[in-house]
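Structure provided below as structure tokens; questions to follow.
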Amino acid sequence: MSAVPDFAAVRAEFGLPADGTAFPPAVLAEAERAAAAGPDDPRSGPRVDATDVPLVTIDPSGSKDLDQAVGLVRTPRGFLVHYAIADLGAVVEPGGPLDTEVRRRGQTLYLPDGAVPLHPPVLSEDAASLLPDGPRAAVLWRIELDREGAVVSADVRRALVRSLARLDYAGVQAAVDAGCPHPAISALAELGPLRRARAVARGAIELELPEQEVVPDGTGWTVRVRRRTAVEDWNAEISLLTGQVAAQMMLDAGIGVLRTLPAPDPEAVAALRATALELGLDWPEGESPARVLAGLPRPADGADPADRRALAVRRAATTLLRGAAYASIGAGTPPPADPGHGGIGAPYAHVTAPLRRLVDRFGSEVCLALAAGREVPGWLAEALPTLPGVMSASDTQAARVDRACTDRTEAAVLAGRVGEELEVVVLRREPGEVFLADPPVLAKCDGALAPGTLARARLVEADPATGRVRFALPD
């Protein structure tokens, strides 16, 4: 059902510009100069010519801000990964108007009717994007792995690269299913599952909850569940691999900025296990949450009892992933007591999405200096302690903006159905929470709830102005 949620109200609520692509004149002027300089701009220093390395980009259909290009092949010893990252460090002048503006923004904010980009589109969707239209400046990672998918060696340097094709997830999945993947990623279907298995073995927690997205529908908007393909999961593993390698470089050198998340609290794990057992799911004594969650069916629409129980357990497992933060190290600041990321099961650093996230540019610059055996530049070392605060604030804002858009769309779609009884999957008892499958809506619910079950609940509130949706079980 089409609806017309008020995204302009969301922009006003969070102080976002009505024209998301608007930037101050000095920022646009600097971006235009950087775009005109092209990939051979001598200010960024020497580059390796890697235009002969087969690379492709894999992104959602229609994307223009292409941060990464990947090349992945089998070798006699295992696998060779080339991962090219858009080189924003080569075009953003430290301390200049553009640098000042992107440090204020923190990251790109995505709204259904248009993004508020981190960088001017002349860079993020054109000159700095890894589009397949000629040589592009990049930060190129070269990572060798053995037959089991473990890292053997890694290197990173500035390079000129050439993407052979701009691919999307659905197309790559279809090609893999047909047995004819693009030659540049011929080993993705083998290495992706290997890396995922290693992640589960080290305790990485993947919730795999239904992911809502707001999409156009006729004359308005609706909410649907975005179905992740296996290719998307495999591609994410290559990004995670690169971030883990970068984090280890930073820890070894004692300088950088990490993405951290405390390891799951034992009491939270025990409570989750009790919930799973109460729902009749198998959780052997001593088994890790990562293995249990990986063994659950991917929840679909809640029609099958096993799916309903899995959905409830996955929602309950969000209690394991609390306390995400950023930690700068160096300049007298030691690594945190636990430098790891509990959701990944290893130390991790953001370096693969600099077009859309501020911290990645700085992380890449740290790794480039370390790989070359150079001192980290003073401007970079001075900036590192400021990044955790900026990124934490922008992460919070991005999550709130996304939730506000989804909530308002859910409420707009359901506004005409207040008073109806609908079938929902009960997710949590306290606070009461249910999932409506069609349209996919996550909402509060009053009443005596039994997680993992189907229930008939009356829709008592759906307010498009606030995004509030609430159900209640009949008395």
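The values are calculated or read from the model by the stated rules, or taken from the named source; none is laboratory data. What you are looking at is a predicted structure, and each value in this text was computed from that prediction instead of being measured. We place every Cβ from the backbone using ideal geometry, glycine too, and count neighbours over all the protein chains shown.
Let me confirm something: among Glu287, Glu267, which residue is in a helix (DSSP H, G or I), free of Cβ contacts under 8 Å to residues at least 60 places away in the same chain, loosely packed, with under 14 Cβ neighbours inside 10 Å and charged (D, E, K, R)?
Exactly one residue qualifies, and that residue is Glu267.
With (1) modelled with pLDDT under 95; (2) within 28 Å of the chain's Cα centre (by Cα) as the list, and Val469 as the residue in question, which single condition is left unmet?
(1)
Is there any pair linking a residue in the stretch 357-378 that is more than 19 Å from Arg142 (Cα to Cα) to one that is basic (Lys, Arg) and not in a loop (DSSP other than H, G, I, E, B), with Cβ under 9 Å and at least six apart or on different chains, and which?
Within 9 Å, the pairs are Leu358/Arg103; Leu358/Arg105; Val359/Arg259.
Of the conditions (1) surrounded by 15 or more Cβ atoms within 10 Å (Cβ to Cβ); (2) over 30 Å from Gly45 (Cβ atoms); (3) at pLDDT 95 or above; (4) touching a strand residue (DSSP E or B) at 6+ places or on another chain (Cβ under 6 Å), Val156 clears all except one; give me its number.
Answer for Val156: the failing condition is (2).
I'd like to check something: does the stretch 408-426 contain any residue that is at pLDDT 95 or above, farther than 30 Å from Ala9 by Cβ, buried (at least 18 other Cβ atoms within 10 Å of the Cβ) and of a type in the set (A, V, I, L, M, F, W, C)?
no
Have a look at Pro25, Pro54, Pro46 and point out the one that is farther than 30 Å from Pro464 by Cα and without any contact (Cβ under 8 Å) to a residue 12 or more places away in the chain.
Exactly one residue qualifies, and that residue is Pro25.
Also: Can you name every residue in the stretch 423-456 that is of a type in the set (A, V, I, L, M), farther than 18 Å from Asp307 by Cβ and not in a loop (DSSP other than H, G, I, E, B)?
Answer for the stretch 423-456, where residues must be of a type in the set (A, V, I, L, M), farther than 18 Å from Asp307 by Cβ and not in a loop (DSSP other than H, G, I, E, B): just Ala443.
Let's see how each residue does on (1) acidic (Asp, Glu); (2) assigned by TED's automatic domain parsing to the domain that holds Asp360; (3) farther than 30 Å from Gly286 by Cβ:
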{"site": "Val152", "(1), (2), (3)": "no, yes, yes"}
{"site": "Arg162", "(1), (2), (3)": "no, yes, yes"}
{"site": "Ala165", "(1), (2), (3)": "no, yes, yes"}
{"site": "Pro181", "(1), (2), (3)": "no, yes, yes"}
{"site": "Thr219", "(1), (2), (3)": "no, yes, yes"}
{"site": "Val223", "(1), (2), (3)": "no, yes, yes"}
{"site": "Glu232", "(1), (2), (3)": "yes, yes, yes"}
{"site": "Ala236", "(1), (2), (3)": "no, yes, no"}
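Can I ask one more? Tell me which strands (runs of 3 or more DSSP E) are completely within the stretch 135-247 and hold 3 or more residues being in contact with an Asp or Glu (Cβ under 7 Å, 6 or more places away or on another chain) and small (Gly, Ala, Ser), or say none if there are none.
Answer list for the stretch 135-247: none.
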